[in-house]
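S.K.: Can you keep this structure in mind? I'll have questions shortly.
Derivation of every value follows stated rules applied to the coordinates shown; laboratory data play no part. Computed from a predicted model, the values in this text were never measured in an experiment. We place every Cβ from the backbone using ideal geometry, glycine too, and count neighbours over all the protein chains shown.
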Protein chains: 2
Amino acid sequence: MPARLDLTEYLPYLINRVGSSLVARFSEHALAGTRLDIATWRVLAALSHRGPLRQIDIAEITSMEVSTISRLITRLVQMGLVSRNRSRLSNREVVVELTPKATALVERLIPIAHKLEDAATQGLSKKERADLKRALRRMHENLSRRKPPP
Amino acid sequence: MPARLDLTEYLPYLINRVGSSLVARFSEHALAGTRLDIATWRVLAALSHRGPLRQIDIAEITSMEVSTISRLITRLVQMGLVSRNRSRLSNREVVVELTPKATALVERLIPIAHKLEDAATQGLSKKERADLKRALRRMHENLSRRKPPP
């Protein structure tokens, strides 16, 4: 019998489908009217969450390529939303940080982000939401684990 | 106090992060060596799962725009992996279906897709996997629900 892939039972499919809906909703309800798209929003959210970061760290947090991040940062600098500065910790390092304008913008979008999460998880109990997060964190660990050296 | 977005607790972030890792792994382990990328793979997987489909149905199943699907189908036709045919049900409808070459290719990739799901969910019990799928399906329903008319 040939191999079958039942999409309705296939986790990568179910995850992509929810992820796409979340992006569509957030773009429609929060980003419309700003000059942000989902990728630039993710960069700003990472900087808001973690403070000034090197481009390589932003790439790691947002699951994007360093080359993509570099392009997005250039755009965000032009929009007056981030600045590139020497790190206070190491003078040889350049870090990216939010401008006050971006901080205000992110603060305006965060409540919409929380409302989206609430709408998406309606009908799930507090325990079910916690279990879901734990399962997703475990999956991420599993997928990040490097293969042992041969 | 300003609004905060703790990414480590924010479901859309956790979902995007796992989704990105799954795409990276599948691209590396299954698609490298084929001429497919993740988007064309998703089209083939949808057709393998459901049989001949209209482009609008492929867009719905894969969470992609119809215009994107149209472009991908043109590419897949050129690669000899799908064909456009008159529907057997309605002569006015065009459906897309896998060629025998694509059927063989998808059958070769499906076991790798299943192995990826197993690797990603290592350490989760059968019940935890079922709960995770149920929660993701519920989220998708919540997000698909149209707003009631005013």
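S.K.: Could you state, as a whole-number percent, how many of the C-alpha pairs of the protein assembly as shown are farther apart than 30 Å?
M.R.: Of the Cα pairs, 40 percent sit more than 30 Å apart.
S.K.: Which one of A:107, A:93, A:117 has the biggest mean-square fluctuation once chain A is modelled by GNM with Cα springs under 10 Å?
M.R.: Of A:107, A:93, A:117, the Gaussian network model singles out A:93 as fluctuating most.
S.K.: Calculate how steeply helix A:38-50 sits against the longest principal axis of the alpha-carbon atoms of chain A, using the helix alpha-carbon long axis, and give the answer as 0 to 90 degrees to the nearest 10.
M.R.: 70 degrees
S.K.: Modelling each spin label as a point 7 Å along the Cα-to-Cβ direction, I'd like the residue A:54/residue A:86 distance in nm, to one decimal.
M.R.: According to this spin-label approximation, the distance is 1.7 nm.
S.K.: Please list the non-local residues whose amide H lies under 5 Å from the amide H of residue A:82, H modeled 1.01 Å from N, same-chain partners needing a gap of 5 or more.
M.R.: Correct list: A:77, A:99.
S.K.: Sticking with this one: Looking only at B:17, B:25, B:138, which one moves most when chain B is put into a Gaussian network model with springs between Cα atoms under 10 Å?
M.R.: B:138
S.K.: Tell me the mean residue ellipticity at 222 nm calculated for the protein assembly as shown from its helices only (DSSP H runs of n ≥ 4, each -39500 (n - 2.57), averaged over every residue, nearest 500).
M.R.: Taken over the protein assembly as shown, the calculation gives -19500 deg cm²/dmol.
S.K.: Under a point-charge model restricted to the Cβ atoms of Lys and Arg (+1) and Asp and Glu (-1), what is the dipole moment magnitude of chain A relative to its Cα centre, in debye to the nearest 20?
M.R.: 400 debye
S.K.: Something else: Express in nm, to one decimal, how much length is gained between residue B:108 and residue B:141 on full extension, taking 0.36 nm for each residue of separation and deducting their alpha carbon distance.
M.R.: That works out to 8.7 nm of additional length.
S.K.: More than 23 angstrom separation, counting every C-alpha pair in the stretch A:11-119; what % is that?
M.R.: 30 percent
S.K.: Okay, moving on. Name the nearest-to-axis residue of chain B, judged by Cβ distance to the rotation axis taking chain B onto chain A, and quote that distance in whole Å.
M.R.: Output: B:19, 2.
S.K.: If one computes the Cα centroid of the stretch A:100-140 and of the stretch B:36-74, what distance in Å separates the two points?
M.R.: If we compute the Cα centre of each part, the gap is 29 Å.
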